[in-house]
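The values are calculated or read from the model by the stated rules, or taken from the named source; none is laboratory data. What you see is a predicted model; the values in this text were computed from it and never measured. Every residue, glycine among them, receives a Cβ derived from its backbone with ideal geometry; neighbour counts consider all protein chains shown. Remember, those area values only see protein heavy atoms, side chains included, never the ligands or the DNA or RNA. Shrake-Rupley method; radii C 1.70, N 1.55, O 1.52, S 1.80 Å.
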Amino acid sequence: MENNPITGLILAGGQGRRMGGVDKGLLLLNHRTLTAHVIERLRPQVGALLINANRHLPRYAAFGYPVISDSFSNFPGPLAGLHAGLSEARTPWVITAPCDSPMLPHDLVARLYAAAQQHDAPLAIAKVGDRLHSVFALAHRRVLPDLTDYLRGGERKVALWFARIGGVEVPFDDQPEAFRNINTQDELDAIASLLMP
């Protein structure tokens, strides 16, 4: 994609509740943070990069990319991160990827963007089998006003907002392992073994 029109947004703004409140983006995987792994995969695919974080901001800033926090309080979830990214981005499109999925596809952005263009859709979401991976989403900035209204109304459910917007689902059945994420130490250890050289 010439003059890449897409900003990558790494979602690291959660509370890590399923791992006892740890900041998952700063966990080490084979001696590097999870965020560093995601940057390595996502950065070549986008024109710019942002990190969405609500804790440990100086540590995230040390990666060398702008760090933005949610505008909404009480950790309302990935939609708040997307809202922050759409508000800050200087490109027409924003692609989200969570900080705890270090094996994300090398062609994630190209495939989501191609599907959005083909269907003239403002939103494209990765899917494997019957499961939507809603934190891997490409959104056009024109959805920002609707997302703002949705969050201000107290709504948080990602699937409901996607249905409301009318996005396109993009199959990645050829790469199911790429969407593995980390919520336990066992999952971290399993992915570490997969990524060993």
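Structure data summary
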{"quantity": "Volume per residue that the Cα convex hull of the stretch 47-107 spans, once the total is divided by residue count, Å³", "calculated": "104"}
{"quantity": "Dipole of the stretch 85-197, positive end: most advanced residue of Asn183, His133, Leu160 [Cβ charges, Cα centre]", "calculated": "Leu160"}
{"quantity": "The chain: DSSP helices with Cα axial extent of at least 20 Å and average Kyte-Doolittle hydropathy no lower than -1.0", "calculated": "none"}
{"quantity": "Net dipole in debye of the chain [+1 Lys, Arg Cβ; -1 Asp, Glu Cβ; about Cα centre; nearest 20]", "calculated": "480"}
{"quantity": "Sum of -39500 (n - 2.57) over DSSP H runs of 4+, divided by residues of the chain (222 nm, nearest 500)", "calculated": "-9500 deg cm²/dmol"}
{"quantity": "For the stretch 132-172, size of Cβ-based charge dipole, Lys and Arg +1, Asp and Glu -1, in debye", "calculated": "100"}
{"quantity": "Extension gain, Thr148 back to Arg180 (0.36 nm per residue minus Cα-Cα distance, nm)", "calculated": "8.6 nm"}
{"quantity": "Stretchable slack from Arg156 to Leu195, in nm (0.36 nm times residue separation minus alpha-carbon distance)", "calculated": "10.7 nm"}
{"quantity": "Kirkwood hydrodynamic radius over Cα pairs of the chain, then Stokes diffusion coefficient at 37 °C and 0.692 mPa s, in µm²/s", "calculated": "196"}
{"quantity": "Per residue accessible area of the chain, 1.4 Å probe, in Å²", "calculated": "47"}
{"quantity": "Cα convex hull of the stretch 156-197, projected area averaged across orientations, nm²", "calculated": "4.7"}
{"quantity": "Percent accessible area from carbon and sulfur atoms, the stretch 139-197, protein chains only, probe 1.4 Å", "calculated": "52"}
{"quantity": "Whole-Å distance, taken between Cα centres, linking the stretch 33-106 and the stretch 125-197", "calculated": "13"}
